[in-house]
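Please read through the structure below; I'll follow up with questions.
The values are calculated or read from the model by the stated rules, or taken from the named source; none is laboratory data. A quick note: this is a predicted structure, and the numbers were derived from the prediction, not measured. Here the Cβ positions follow ideal geometry from the backbone for every residue, glycine too, while neighbour counts run over all protein chains shown.
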């Protein structure tokens, strides 16, 4: 069954999308909750005319796109949300939510499909969203998703890159001096030859 979404439905589509769903899902969930309506011929034609009217407010030339990019990058776009103590949202911030806030706060009209939001935002915080406004013209939209009536903490300075630890000094190990070679053995002095035996009495030698 084809229906036109009246609100963003997670894992189904965004507001204004024409989607095909199971008849039971449409009758039992989407239609009773006013999340969608049947995609009749008349409603589809009305939706087409509405999209054409919206597109007139979008950038039509490179110059208009650059001017819009400058406006988008001026400051933050604050979006107030309901959140629990841990910063988790009761719901989510989708591309449709962002373009609605842009139009309401700054009167800037952008097709939600030009926002590179990725997954819906489900926590408070600051986010940067690329926006493709025209061929080769891209802006960065800064979002501040904050709890209702509260302020987000100021941006923390980016941590300085950690200094690389100096390489340990290489300690030169002196090679031990070679031990002196053992001195050659000195032969013991030979005992003098015994004198020839002579007469014990020197008188005998006369």
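In the stretch 121-155, how many residues are closer than 22 Å to residue 86 by Cα and at pLDDT below 90?
8
Here is a follow-up. Return yes when residue 116 is under 16 Å from the mean Cα position of the chain (by Cα), in the same structural domain as residue 92 (by TED's automatic domain parsing) and over 15 Å from residue 75 (Cα atoms) and no when it is not.
Yes: the conditions hold for residue 116.
Identify, from the list 72, 31, 53, 77, the residue that is in contact (Cβ under 8 Å) with a residue 12 or more places away in the chain and over 25 Å from the mean Cα position of the chain (by Cα).
Answer to the selection: 31.
Scan the stretch 18-34 and tell me whether some residue there is at pLDDT below 90 and out of contact with any helix residue (DSSP H, G or I) (no Cβ under 7 Å at 6 or more places or on another chain).
Taking every residue of the stretch 18-34 in turn, none turns out to be at pLDDT below 90 and out of contact with any helix residue (DSSP H, G or I) (no Cβ under 7 Å at 6 or more places or on another chain).
Hey, another quick one. Name the residues in the stretch 97-119 that are modelled with pLDDT under 90 and part of a loop (DSSP other than H, G, I, E, B), would you?
Scanning the stretch 97-119 gives 107, 108, 109, 110, 111, 117, 118, 119.
Which one is surrounded by the most Cβ atoms within 10 Å (Cβ to Cβ), of the residues in the stretch 95-120 that are farther than 30 Å from residue 85 by Cβ and free of Cβ contacts under 8 Å to residues at least 24 places away in the same chain?
Taking the candidates together, the pick is 114.
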